[in-house]
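Let me begin by presenting the structure, written as structure tokens, before commenting on it.
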Amino acid sequence: MLLSNSNSAVLTGIVAASVVILVLLQLSPFGLAQTDTSFSPADKFTIPAYNGNISFAVNGSYANATLKNDMWTFTNLRLNNSETIENLEVSAQNSEITIIWAQVSNTTFRGAFLSYFVEGQGTQTFNFNLNIEGGEWSVLFNEDFIAEGDGWTLSPDQTLTITGATENVTLLYIALEGLGRNNADLPFYERHSVAIATAAAVAVTVALTVGVRAKRRKDLDTGDL
């Protein structure tokens, strides 16, 4: 079907306007596509003033990573295609840490989980910047629960400071609906959610740590480290 001159002019105008809009969207910060940066276990995030290093045991990506006040802040951190952690702050002083796994969940088991391997008897600091309440933090050294004040402290802004840890450390925060009230009528998995989630976290930690240790031994044997 042939277009009249007037219709052709209108179509040309629409196309031209569309091109202009697309160009403006590309130039506008609202139109920029998000480009994540990938990393691997070989990458290290150093903290020179603290003599600290941070690395990850698995591949991952982040939208942004900045070092400020001797603390690395990772925005939209994702490890090995897991759920995205919107804002994770990590610091290490006189120690080198390898984050084995980190996860934030907003489902029935609302909370956070992070496991890491540490070398050097220094201090490590973490903040997930969580907006959840009604739960509590648990810290494990080598699969053993450690009481608050005896190896770790929690500041009012939910910053965890770990001191004196060696080898494996697990940080676990669980906030559950119905926690602290009569929940006898709830399903079994909800009545025992804390125990189940803790056991799962420990199991994941053990399994991942075994894998990291095996890889470290292999790297040492092959001279890759």
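Within the set of pairs 6+ apart or on separate chains, which have a first residue in segment 142-153 that is free of Cβ contacts under 8 Å to residues at least 60 places away in the same chain, a second that is surrounded by 12 or more Cβ atoms within 10 Å (Cβ to Cβ) and of a type in the set (Phe, Trp, Tyr), and C-beta atoms under 7 Å apart?
ILE146/TRP152; GLY151/PHE141
If you go through segment 205-223 one residue at a time, do you hit one that is under 26 Å from GLN93 (Cα atoms), among the β-branched types (Val, Ile, Thr), crowded, with 16+ Cβ neighbours inside 10 Å and modelled with pLDDT of 90 or more?
No: segment 205-223 contains no residue that is under 26 Å from GLN93 (Cα atoms), among the β-branched types (Val, Ile, Thr), crowded, with 16+ Cβ neighbours inside 10 Å and modelled with pLDDT of 90 or more.
Being under 22 Å from ILE162 (Cβ atoms), at pLDDT 95 or above and either under 14 Å from the mean Cα position of the chain (by Cα) or not basic (Lys, Arg) (or both) narrows it down to one of ASN53, ASN64, so name that one. So that I can check it myself, show each step before the final result.
Working: ASN64 fails: under 22 Å from ILE162 (Cβ atoms).
From the options ASN53, ASN64, the qualifying one is ASN53.
In the set ASN87, ASN81, ASN53, which member is in contact with an Asp or Glu (Cβ under 7 Å, 6 or more places away or on another chain) and either part of a loop (DSSP other than H, G, I, E, B) or in contact (Cβ under 8 Å) with a residue 40 or more places away in the chain (or both)?
Working: ASN87 fails: in contact with an Asp or Glu (Cβ under 7 Å, 6 or more places away or on another chain); ASN81 fails: in contact with an Asp or Glu (Cβ under 7 Å, 6 or more places away or on another chain).
Going through ASN87, ASN81, ASN53 in turn, the sole match is ASN53.
Report the residue count in segment 65-78 for those that are of a type in the set (D, E, K, R), within 18 Å of THR123 (Cβ to Cβ) and in a strand (DSSP E or B).
Residues of segment 65-78 that are of a type in the set (D, E, K, R), as a first pass: 68, 70, 78.
Cutting the leftovers down to within 18 Å of THR123 (Cβ to Cβ) gives us 68, 70.
After this cut, where a residue has to be in a strand (DSSP E or B) as well, the list is 68.
Result for segment 65-78: 1.
Kindly indicate whether any position in segment 88-106 is farther than 24 Å from THR166 by Cα, assigned by TED's automatic domain parsing to the domain that holds ALA165 and either basic (Lys, Arg) or over 11 Å from the mean Cα position of the chain (by Cα) (or both).
The answer is yes, given that some residue of segment 88-106 is farther than 24 Å from THR166 by Cα, assigned by TED's automatic domain parsing to the domain that holds ALA165 and either basic (Lys, Arg) or over 11 Å from the mean Cα position of the chain (by Cα) (or both).
Looking at (1) in a helix (DSSP H, G or I); (2) at pLDDT below 50, which is the one condition that is false for PHE30?
Failed condition: (1).
The values are calculated or read from the model by the stated rules, or taken from the named source; none is laboratory data. Everything quoted here is computed from the prediction, not taken from an experiment. Neighbour counts run over all protein chains shown; Cβ positions are idealised from the backbone, glycine included.
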